[in-house]
Amino acid sequence: MSKDTKPSASVYQMMSELSARVGAVNLAQGIPEALNDERIKEAVALFLDTGGQYTPIEGDAELRRAIAADYGPWASPEDVIVTSGCTESLAVALIAARGRFGERLAALEPFYSYYPGLARLAGLSFETVPLRFNSSGFTLDLEAIARVLRAGVRILLLNSPHNPSGWVIGQDAWHELVLMVERHDALIVLDEVYRHFIYAENKSCDLLASTGLHGRCLIANAVSKTFAATGMRLGWLLGPPELLREALIGHMHLSNCQPRPLQRAAARLFAVNEVTWRCAVRDHYRTKRDVLFHGLTERGFRCALPDGGHFILADYRPVRDDLCSQDFALWFTHTAGIASMPIDAFYLGGAPKMVRFSFAVSMAAVEQAAHRLARALV
Ligand SMILES: Cc1ncc(COP(=O)(O)O)c(C=O)c1O
């Protein structure tokens, strides 16, 4: 079965079921810790009586204002449409991109496992450029990007902070990309769903504020990770007017509009999740990252400290070299009591010997995993 007809949902499910059956700590799935549930409950309750009718297709005005403000003065509410989660934002971004930039898309490999299916849905071919891994971490292969652009690719699908590696694009690489994309009349679709989870001091989420590219970049994001509200199904797409107009037509025919109580609640979450709260959440995640990273490297896994996101990619060869990724994940769940995600779902083929561990779970779960890593007889 091809990668786009069989998404990785079944692998997540298989690993989670196995994890529950053997009593493992489940670091396979990426569902974020419910840090915000009380705030979400309060916010939704405030707006329950705002009605059950259709809402504006482009999104509730207050929410669009709140989203634009989150990006800074360069963004205006007219640059934003509200969607059903980052998944729909990406779908309508790619549909809009196809009309203007043609049928060839390239994404970074490894990639979020829904990308090939989303490209197919939009009628795009799916090509990849590698994120390279070495002892100092993951780096963008700018020469490989230049090559695919020279060969006719006009849509680059980037994800920063990156799932599964935790790589975050730096200002210099972004600057180079801006020049390349302008030179080749191409577009960047930027999946920033982990935007507020950047731990490295020298990396920033304000790429467009500092280096421009407003006319050639569509940004997809959501409340899913921003507020640990994956089931609220609210996302947004930010971009230039002519592309947003096309995206809006796609959105109108897909989910059409989102429930008003949830949109108003999300606008309120932006207001109450002021900078101090955001920083506290980010620092909490940074600590969980450090605890898991220490546990994995002490056990012998080879990993790069992620600059952002919710995951650590670990090269398991020093622990056990003879298994493919899926077999290692199964074996390690049984042997160490820690479930991880096989990396195959994030590659078109030829996946390296790595598995993905999530630190989005609670601190207690991360500490338990670290404890098990220290004791594991592997
Ligand atoms: C990189 C990336 N993009 C998009 C999504 C989907 O986000 P949403 O749940 O808002 O559709 C995820 C979810 O894990 C993700 O990791």
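What translational D, rounded to a whole number of µm²/s, comes out for the chain from Stokes-Einstein when the hydrodynamic radius is the Kirkwood one over Cα pairs, at 4 °C and 1.567 mPa s?
My calculation gives 61 µm²/s for D.
If we sort 39-47, 311-319, 324-332, 288-296 on the protection proxy, mean other Cβ atoms within 10 Å, highest first, what's the order?
Packing order, densest peptide first, comes out as 311-319, 288-296, 324-332, 39-47.
Grab the beta carbon distance between Thr287 and Asn202, set R0 = 22 Å, and tell me the FRET efficiency rounded to 0.05.
Calculated value: 0.70.
When a/c reaches 1.5 or more, the comparison of a/b and b/c decides; with that in mind, is the range 294-378 rounded, prolate or oblate per its Cα gyration tensor?
Oblate shape, in that a/c is at least 1.5 and b/c is the bigger or equal ratio.
Lysine pairs, Cα distance under 22 Å, 8 or more residues apart or cross-chain: how many in the chain?
Final tally of qualifying lysine pairs is 6.
To check you understand DSSP bridge types, tell me what percent of the beta bridges within the range 72-181 (both residues inside) are antiparallel, rounded to 5.
Restricted to the range 72-181, the bridges split so that about 30 percent are antiparallel.
Run the dipole for the chain about the Cα centre, Lys and Arg Cβ at +1, Asp and Glu Cβ at -1, nothing else charged, and hand back the magnitude in debye, nearest 20.
With Lys and Arg at +1 and Asp and Glu at -1, about 540 debye.
Among His196, His251, His214, which comes first, then next, by fewest other beta-carbon atoms within 10 Å?
Lowest to highest Cβ neighbour count: His214, His196, His251.
Ranking request for peptides 109-122, 68-81: highest mean number of other beta-carbon atoms within 10 Å first, then the rest in descending order.
Final packing ranking: 109-122, 68-81.
Can you sort Leu237, Leu187, Leu140 so the residue with the fewest Cβ neighbours within 10 Å comes first?
Leu140, Leu187, Leu237
What shape does the range 1-107 have by the C-alpha gyration tensor, where a ≥ b ≥ c are the square roots of the eigenvalues, rounded means a/c under 1.5, and otherwise prolate means a/b greater than b/c and oblate the rest?
Here the range 1-107 falls in the oblate category.
With the contact rule set at Cα under 8 Å and sequence spacing of 6 or more, what percent relative contact order holds for the chain?
26
Explain nothing, just the number: dipole magnitude of the range 59-130 about its Cα centre with +1 on each Lys and Arg Cβ and -1 on each Asp and Glu Cβ, in debye rounded to the nearest 20.
With Lys and Arg at +1 and Asp and Glu at -1, about 240 debye.
Using only the Cα atoms of the range 151-242, what semi-axes does the equivalent ellipsoid have when each is the square root of 5 times a gyration tensor eigenvalue? Give whole Å, largest first.
So the equivalent ellipsoid measures 23, 16, 12 Å along its semi-axes.
Kindly write out, for the range 156-163 in residue order, the coupling ³J(HN,Hα) from the Karplus curve 6.51 cos²θ - 1.76 cosθ + 1.60 (θ = phi - 60°), rounded to whole Hz, with x marking Gly and Pro.
9, 9, 10, 9, 8, x, 9, 9
Select from Val153, Val189, Leu179 the residue farthest towards the positive end of the dipole of the range 78-237; place +1 on Cβ of Lys and Arg, -1 on Cβ of Asp and Glu, and compute about the Cα centre.
Highest projection toward the positive end goes to Val153.
Does the range 64-126 come out rounded, prolate or oblate by the C-alpha gyration tensor, with a ≥ b ≥ c the root eigenvalues, rounded set by a/c under 1.5 and, if not, prolate when a/b is larger than b/c and oblate if not?
Since a/c reaches 1.5 and a/b is larger than b/c, the shape of the range 64-126 is classed as prolate.
Tell me which residues come under 5 Å, amide H to amide H, from Leu218 once H is placed; ignore anything under 5 positions away on its chain.
Ile188, Val189, Leu190
The numbers here are math on the coordinates, done by the rules we state, and not lab data. In this text, all values refer to a predicted model and were calculated from it rather than measured experimentally. Glycine also receives a Cβ, built like all others from the backbone with ideal geometry; neighbour counts cover every protein chain displayed.
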